[in-house]
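No lab work stands behind these numbers, since they all come straight from the coordinates. Bear in mind the structure is a predicted one, so any value in this text is a computation, not a measurement. Please note: Cβ atoms are built from the backbone with ideal geometry, for glycine as well, and neighbour counts cover all protein chains shown.
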Amino acid sequence: MGQNITQKILFGHLIEGTLEIGNEIGIRIDQTLTQDATGTMAYLQFEAMGIDRRKNELAVSYIDHNTVQVGFENADDHKYLQSTAAKYGVIFSRPGNGICHQLHLERFGKPGKTLLGSDSHTPTGGGIGMLAMGAGGIDVAVAMGGGTFYMSSPKIVNIYLVGKLKPWVSAKDVILYVLKLFGTKGNVGIVFEYSGPGIATLQVPDRATITNMGAECGVTTSIFPSDENTRKFLKAQGRESDWTELLADEDAQYDDQICIDLSELVPLTAEPHSPGNIAEIASLAGKKIDQVLIGSCTNSSYRDLRTAAEILDGKMVSPEVSLGIAPGSREVMLMLAKEGYLEKLITSGARILESACGFCIGNHMSPGTDAVSLRTSNRNFEGRSGTKSAQVYLVSPEVAALSAVKGEFVDPMQLPSDNCPVFSMPESFIIDDSMLIFPPGDGSKVEIIRGPNIGDPPQNTPIEGSLNGIAAIKVGDKITTDHIMPAGSRLKYRSNVPAYSQYVFEPLDPDFPERAAVNRDAGKHNIIIAGSSYGQGSSREHAALCPMYLGVKAVIAVSIERIHTANLFNFGIIPFTFVNSEDYSFIEEGDVLTVPDVFDTIELSAENDKPVVMINETKNREILLNVDFTLRQRSVLQAGGLLAYTQQQAK
């Protein structure tokens, strides 16, 4: 029996385990990337591991999130990251060079390689045939040190594409349609593998948009074949030697398959406040808008911004609309300038923003009160834009540009198809790596620069004996990492956990940090109670690290998303799920919850394949909890987290 692409890469990198769905496997990681919002803690953890030099094939440290420098914190962290990169053999991408996923696709990604990034949109690399996955910073630090990355052997779903997109329909509409089919929860442990004759009609920027936003479905990653289109893209980047053909065998098998006819798709949008709230643009035509932002790691390629420029050429943005354009990389900006498209954008009234993640994470360009904002980014969680009352819609660059001119949602299917720009891959891109700093051969004499906001990574104190806890907070379904650990202006505290922990659950319950600290200081274990799909969104490990600092020892949820589950293990927080989801309703905030001799109980339950019995002392009720943890995961929990476990293993 032949192999699909995912199996070929996994078999080629397998270190531990067997490729059977749900089994824990360990794989070798070739490349790693970090960005400054998560990378600072990743390098603090790498330092704490005592490793002299990175050991994987390639590691890149990008500065793309906290580039707005109000106060000293972000600038200090950038200096820290630049000095750690030099010391440990990591390539450093300077602020202003661009967004990590767009840059990595352009300059470093290689078909058939594994890539682990401390950002949930790392699957962008699947657009050129990489097995690219997001993870917490400590997992990336371990991989940089040559350690094994552990994951569940995935279920592989084939998305078979036929036909060709109509004019005015683009890759953004493809992934929004996939989100309509699969939703944003219930897809843990799945890889989307794209195939079929329709993929030949999609260029690498299109494919990267699709794999990038696959993260919103909650899948492990998404991947396209490496074919002739991939070769043309890498050749245009001056990297044809990095190309290898990577196709599924003709008799490859999949665990499931769906077929999408590209010719039947129409322009779509994700309505507030979830990427899974899909509607047709036609249903919103004429609705007034206030802001349009084109960019982010999803839609900031030369293809996307050139298309927007051609639509805006000779037109003026509505006086009722603020239009911002954020190129994905310096290369994209240079290409737009050389070809005259930057002038078209500026002449139209667009505001040219920095090549960074800024508006996507609420670091700037927040909408006005109750404003309607159209964005080409990948997430529209409530409040993520920086304005809680704003209504954020996710759309394609085509819809964004057309709507910016008219001041309202425009259904492009009502326009002549001949007016739709047609993109062809350039034979060559402008290649300028001068904003990349390559490390010296020997970093032993490099001094690491630490500003006053940078502290040591806090370590957990493992539970001894029983879990004696209090339900410190009860939250609902689809709680995102933005709910748990807000981004925006708060991200500047990412390297100062005591300060950042004061904002845990700020959008939901600003009093939580004080309440949790009181419980912690009184010797009580804090427990988080949650509904389904807890921990959606970012790979932000601070959503586990900061609760751990506040004394959270367990999360009990209906279901927990993949990266967040891993982060909970990594920081010694027990990720329980309810055996019976209705038991969620029998726990209230303040209830006293106990599991006697918790690790012995977990061990015994795992060995006998039985659930753990937790007692709600307040309601005198037994509640059954799942403990499908591997032996390694149990050992990590008992050590108090992955950092302590790694240090123990090294002795």
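Using a/c under 1.5 as the rounded threshold, could you call the range 1-154 rounded, prolate or oblate? The axes a ≥ b ≥ c are square roots of the C-alpha gyration tensor eigenvalues, and prolate needs a/b larger than b/c, oblate otherwise.
prolate
With an 8 Å Cα cut-off and a minimum separation of 6 or more residues, compute the relative contact order for the range 5-264 in percent.
It comes to 23 percent, rounded to a whole number.
With charges set only on the Cβ (+1 for Lys and Arg, -1 for Asp and Glu), what does the dipole of the range 72-139 come to about its Cα centre, in debye to the nearest 20?
340
With a point put 7 Å past each Cα toward its Cβ, work out how far Ser434 is from Ser581 in nm, to one decimal.
With each label point 7 Å from Cα toward Cβ, the separation is 5.7 nm.
If you take Cα extents along the principal axes in Å from the coordinates, which of (1) 70, 57, 54; (2) 79, 67, 52; (3) 133, 57, 51 do you get?
Given (1) 70, 57, 54; (2) 79, 67, 52; (3) 133, 57, 51, the calculated one carries the label (1).
Antiparallel DSSP bridges in the range 5-264: what percent, to the nearest 5?
20
How tilted is helix 397-406 with respect to the longest principal axis of the chain? Cα atoms for both, answer in degrees (0 to 90, nearest 10).
70
What list of ³J(HN,Hα) values in whole Hz, one per residue of the range 128-133 in order, does the Karplus curve 6.51 cos²θ - 1.76 cosθ + 1.60 (θ = phi - 60°) give from phi, with Gly and Pro shown as x?
Here the 3J(HN,Hα) series is 10, x, 8, 8, 10, 9 Hz.
Just grab the label-to-label distance for Asp456 and Arg239, each label 7 Å out from Cα along the Cβ direction, in nm (one decimal).
For Asp456 paired with Arg239, the spin-label model returns 3.8 nm.
Put +1 on the Cβ of each Lys and Arg and -1 on the Cβ of each Asp and Glu in the chain; which of Ser532, Ser153, Val142 then has its Cα farthest toward the positive end of the dipole?
Positive-most Cα among the choices belongs to Val142.
For Ile29, Ile138, Ile21, which order do you get if you count the other beta carbons within 10 Å of each Cβ and list the fewest first?
Placing the least packed residue first, the sequence is Ile21, Ile29, Ile138.
Between helix 73-88 and the chain, what is the angle of the helix's C-alpha long axis to the longest principal axis, kept within 0 to 90° and rounded to the nearest 10?
80
Could you calculate the FRET efficiency of Glu343 with Asn620 from 1/(1 + (r/R0)^6), where r is the beta carbon distance between them and R0 is 60 Å, rounded to 0.05?
0.25
With an 8 Å cut-off on Cα pairs and a minimum separation of 6 or more residues, tell me the relative contact order of the chain in percent.
The normalised contact order for the chain reaches 14 percent.
Shape of the range 556-621 from its Cα gyration tensor (a ≥ b ≥ c, root eigenvalues): rounded if a/c is under 1.5, otherwise prolate when a/b > b/c, or oblate?
Because a/c hits 1.5 or more and a/b fails to exceed b/c, the range 556-621 counts as oblate.
Using only the alpha-carbon atoms, how far is helix 512-521 inclined from the longest principal axis of the chain? Give it as 0 to 90 degrees, nearest 10.
So the helix axis and the longest Cα principal axis differ by about 30 degrees.
Kindly flag which residue pairs out of Lys155/Lys185; Lys474/Lys619; Lys445/Lys492; Lys185/Lys619; Lys288/Lys406 have an alpha-carbon separation exceeding 19 Å in this structure.
As for pairs spanning more than 19 Å Cα to Cα, those are Lys445/Lys492; Lys185/Lys619.
Check which residues have an amide H placed less than 5 Å from Thr577's amide H, if you skip close sequence neighbours.
So Thr577 has HN proximity to Ala557, Asn626.
Show the residues, 5+ positions off or on another chain, whose built amide H is closer than 5 Å to the amide H of Gln257.
For Gln257, whose amide H was placed from the backbone, the distant partners under 5 Å are Asn158.
Between the range 440-499 and the range 225-239, what's the alpha-carbon centroid distance in Å?
39
Please report, in debye to the nearest 20, how large the charge dipole of the range 467-650 is about its Cα centre when each Lys and Arg carries +1 at its beta carbon and each Asp and Glu carries -1 there.
About 620 debye.
Among DSSP bridges having both ends in the chain, what percentage is antiparallel? Round to the nearest 5.
In the chain, approximately 30 percent of DSSP beta bridges are antiparallel ones.
Can you tally the net charge around Val219? Count Lys and Arg as +1, Asp and Glu as -1, for every other residue whose Cβ sits under 14 Å from the Cβ of Val219.
-2
By DSSP, what percent of the beta bridges with both residues in the range 269-412 are antiparallel, rounded to the nearest 5?
Percentage antiparallel, nearest 5: 20.
Read phi for every residue in the range 580-588 and hand back ³J(HN,Hα) as whole Hz from Karplus 6.51 cos²θ - 1.76 cosθ + 1.60, θ = phi - 60°, with x for Gly and Pro.
10, 4, 5, 5, 3, 6, 9, 10, 10
Provide the per-residue ³J(HN,Hα) series for the range 425-430, in order, calculated from phi with Karplus coefficients 6.51, -1.76, 1.60 and θ = phi - 60°, each as a whole number of Hz, with x at glycine and proline positions.
4, x, 5, 8, 9, 6
So, in Å, what gap is there between the alpha-carbon centers of the range 254-289 and the range 381-411?
14
Can you tell me the length gained on complete extension of the stretch Ser466 to Asp255, counting 0.36 nm per residue apart and subtracting the Cα distance?
71.9 nm
Which is the longest part of the chain that has none of the GluC sites (Glu not before Pro) sitting in a DSSP loop with at most 10 other Cβ atoms within 10 Å?
21-249
Going by Cα centres, the range 594-617 and the range 298-366 are how many Å apart?
55
Taking 22 Å as R0, compute the FRET efficiency from the Cβ-Cβ separation of Asp511 and Gln647 and round it to 0.05.
0.05
Identify, among Ala644, Leu625, Ile587, the residue whose Cα sits farthest towards the positive end of the charge dipole of the range 521-651, taking +1 on the Cβ of Lys and Arg and -1 on the Cβ of Asp and Glu, with the dipole about the Cα centre.
Ala644
For a quick check: with amide H placed at 1.01 Å from N, whose amide H comes under 5 Å from Gly324's, ignoring anything fewer than 5 positions away on the same chain?
Residues meeting the criterion, in which the H sits 1.01 Å from N, are Val292, Leu293, Ile294, Arg351.
So what's the back-of-envelope 222 nm ellipticity for the chain, counting only DSSP H runs of four-plus at -39500 (n - 2.57) apiece and dividing by all residues, rounded to 500?
-8000 deg cm²/dmol, from helical runs alone.
Suppose every K and R has +1 on its Cβ and every D and E has -1 on its Cβ; what is the size of the dipole of the chain about the Cα centre, in Debye to the nearest 20?
For the chain, the charge dipole is close to 1160 debye.
Could you tell me whether the range 311-363 comes out rounded, prolate or oblate from its Cα gyration tensor? Rule is a ≥ b ≥ c as square roots of the eigenvalues, rounded for a/c under 1.5, then prolate if a/b exceeds b/c, otherwise oblate.
Verdict is oblate for the range 311-363.
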